Amino acid sequence: MLKLANWQAHLTQARLHGWHWAEALGMPAAALALGHWVSPGDPFGVGAPFPWLWLIPLLVALRYGMLPGLSAAAVLLLGWLLLAHDQPVPAAYFIGGLIMTMIAGEYSGIWRTRVRRVEELNRYIDERLDRLARQHHLLRLSHERLEQNLISRPVTLRDALARLRELLDAHHGQGNLPVAQSFLDFMAQFCQLESAALFEWHNGELVHDPVALIGSDDNYDCKDALLVYAISRRTLCHVQTDALQTADTELLVALPLRNSIGAQIGVLAIKRMPFFALNDDTLQMISVLSAYYAEQVSVRELAAPLLEALPDCPASFAYEVFNLQRVQRESGLTSSIVVQFFRHSAQQHDIFNAVLRAQRGLDQTWVLQDRPTRALITLMPLSTARVIEGYVARIETLLQERFGKAPLQAGFSYHCVELTKADAWIQLQGLLRENRALEPLKPEKAEA
């Protein structure tokens, strides 16, 4: 079944890359053959009231763009040279058709660009919503598990996740599944797993040797029916799945580890766990914790170049910068980073907290409070210059209404870094380096 799914995926990819050229060259040739069969004396319809043959390049240009449309028109011109040896080329017939095809191709190109930008925007928003939904679901499960097991377990889920984050932060090795054994031990503690294995997914294939094991049984079949079915479906599957009622499997649960952008990094296979633990709540916990682990691994891997430049930067902030730069390259949608400085004064703490509470929910923030001049770095996704101006105006209004001070009097200043620039990260480094050299406000100005 997995081989059939891979074959279908390759066929779809080949169709997307080459099918439009087959249509662009084959449709006008077929139309010429039909015209020659209907009207052998005038297969191009030059003497007809309407040049019907030019509808083929027009439709190709509208569907696939200008270049395939012009290729279809070139087939018609080549057909004239081959079929009408002793007749001059009708200039008005072909020039008019080419102009019509070019207009249609230009119209198609503009709208294809707009549609691609909208699709990229929707894809980014879906990824953000997916991450927020996972975090919300994890928070709800954490509270429920805390209420149920607070007496019997001295360690809460929040503490365990904090330890898992610390292990990932301290990991400097190679591999797609860092601290895999620690993660599997963590899963055994909170999901009551007795025998399980964690496999790595590399280059579209499952690595046969597991990278982590718990339990005494280390005999796992990578071609197990439940494992293959879970990989093909890309979701958690268990022995009670309807399609696997008659399948021969030694596993209880199989789960591909995928992050929010759909990339698969590994597979979790569970062979034994207590009978009463195999319920919907435990399966939800396994799914959410595995998704959290996969997301944290991907965040650290993709954001590694940015974190090397600024080690103090949160991994989630650097990952979001990487993601938005990808969106900008693919669709042209711009995003910006607003760097806000709050110089030392008598009201610095209150002003800084007031501005921090006024941040939008969509934005990512990075707070630097370990220096006299505090800094608030705000990543504003998909924000134009007008949005940045509105945001800064709202902050200035807040300072005036809440504290009765202009931005300079309050020690507030800001700089904008556009992610469209290739040296955006270098600019951010320079601004933070200059921040360390800023002098505090004088006492008399702070009290004014």
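The values are calculated or read from the model by the stated rules, or taken from the named source; none is laboratory data. Everything numeric here is computed off the predicted structure, so don't read it as measured data. In this analysis, Cβ positions are derived from the backbone assuming ideal geometry, glycine residues included, and neighbour counts consider all displayed protein chains. The area values use the complete protein model at the heavy-atom level, side chains included, leaving out ligands, DNA and RNA. Shrake-Rupley method; radii C 1.70, N 1.55, O 1.52, S 1.80 Å.
Of the residues making up the range 87-137, those that are small (Gly, Ala, Ser) and either at pLDDT 85 or above or open to solvent by less than 70 Å² (accessible area, probe 1.4 Å) (or both) are Ala91, Gly96, Gly97, Ala104, Gly105, Ser108, Gly109, Ala133.
For the range 411-434, the set of residues classified as aliphatic (A, V, I, L, M) and modelled with pLDDT of 85 or more consists of Val417 only. Please go through the range 279-333 and pick out each residue that is touching a strand residue (DSSP E or B) at 6+ places or on another chain (Cβ under 8 Å) and farther than 19 Å from Ala180 by Cβ. Within the range 279-333, Leu283, Asp312, Cys313, Pro314, Ser316, Phe317, Glu320, Val321, Leu324 meet the criteria.
Which of (1) at pLDDT 75 or above; (2) part of a helix (DSSP H, G or I); (3) open to solvent by 10 Å² or more (accessible area, probe 1.4 Å) does Phe317 not meet, given it meets every other one? Failing condition for Phe317: (3). Scanning for something outside any helix (DSSP H, G or I) and either charged (D, E, K, R) or modelled with pLDDT of 75 or more (or both), does the range 2-23 turn up at least one residue? No - not one qualifying residue is present in the range 2-23.
For the range 183-297, the strands (runs of 3 or more DSSP E) that sit wholly inside it and include 1 or more residues that are at pLDDT below 85 and closer than 27 Å to Asn323 by Cβ are 195-202, 253-258, 264-272. All conditions but one from (1) modelled with pLDDT of 80 or more; (2) open to solvent by 80 Å² or more (accessible area, probe 1.4 Å) apply to Leu76; the one that does not is (2).
Tell me, yes or no, whether the range 329-337 has at least one residue that is touching a Gly at 6+ places or on another chain (Cβ under 6 Å) and open to solvent by less than 20 Å² (accessible area, probe 1.4 Å).
Checked against the condition, which is being touching a Gly at 6+ places or on another chain (Cβ under 6 Å) and open to solvent by less than 20 Å² (accessible area, probe 1.4 Å), the range 329-337 yields no hits at all.
Kindly indicate which of Pro57, Pro68 is open to solvent by less than 40 Å² (accessible area, probe 1.4 Å), touching a His at 6+ places or on another chain (Cβ under 8 Å) and either in a helix (DSSP H, G or I) or under 18 Å from Ala30 (Cα atoms) (or both).
Working: Pro57 fails: touching a His at 6+ places or on another chain (Cβ under 8 Å).
One residue alone meets the criteria, Pro68.
For Leu307, the criteria (1) in contact (Cβ under 8 Å) with a residue 40 or more places away in the chain; (2) open to solvent by 10 Å² or more (accessible area, probe 1.4 Å) hold in every case but one, which is (1). Is it the case that some residue within the range 378-393 is of a type in the set (Lys, Arg), within 19 Å of Gly411 (Cβ to Cβ) and at pLDDT below 90? No, there is no match, as no residue in the range 378-393 is of a type in the set (Lys, Arg), within 19 Å of Gly411 (Cβ to Cβ) and at pLDDT below 90.
Here is a yes/no grid of residues against (1) in contact (Cβ under 8 Å) with a residue 24 or more places away in the chain; (2) charged (D, E, K, R):
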residue: Gln364; (1), (2): yes, no
residue: Val367; (1), (2): no, no
residue: Ala375; (1), (2): yes, no
residue: Leu379; (1), (2): yes, no
residue: Arg386; (1), (2): no, yes
residue: Arg394; (1), (2): yes, yes
residue: Leu398; (1), (2): yes, no
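Does Phe341 count as open to solvent by less than 50 Å² (accessible area, probe 1.4 Å) and part of a strand (DSSP E or B)? Against the criterion (open to solvent by less than 50 Å² (accessible area, probe 1.4 Å) and part of a strand (DSSP E or B)), Phe341 qualifies. Checking Arg145 against (1) at pLDDT 75 or above; (2) touching a Leu at 6+ places or on another chain (Cβ under 8 Å), which test does it fail? Only one criterion is unmet by Arg145, namely (1).
Yes or no, residue by residue, for (1) of a type in the set (A, V, I, L, M); (2) open to solvent by less than 50 Å² (accessible area, probe 1.4 Å); (3) within 23 Å of Leu302 (Cβ to Cβ):
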| position | (1), (2), (3) |
| --- | --- |
| His208 | no, no, no |
| Lys223 | no, no, no |
| Ser232 | no, yes, no |
| Leu251 | yes, yes, no |
| Gly262 | no, yes, yes |
| Gly266 | no, yes, yes |
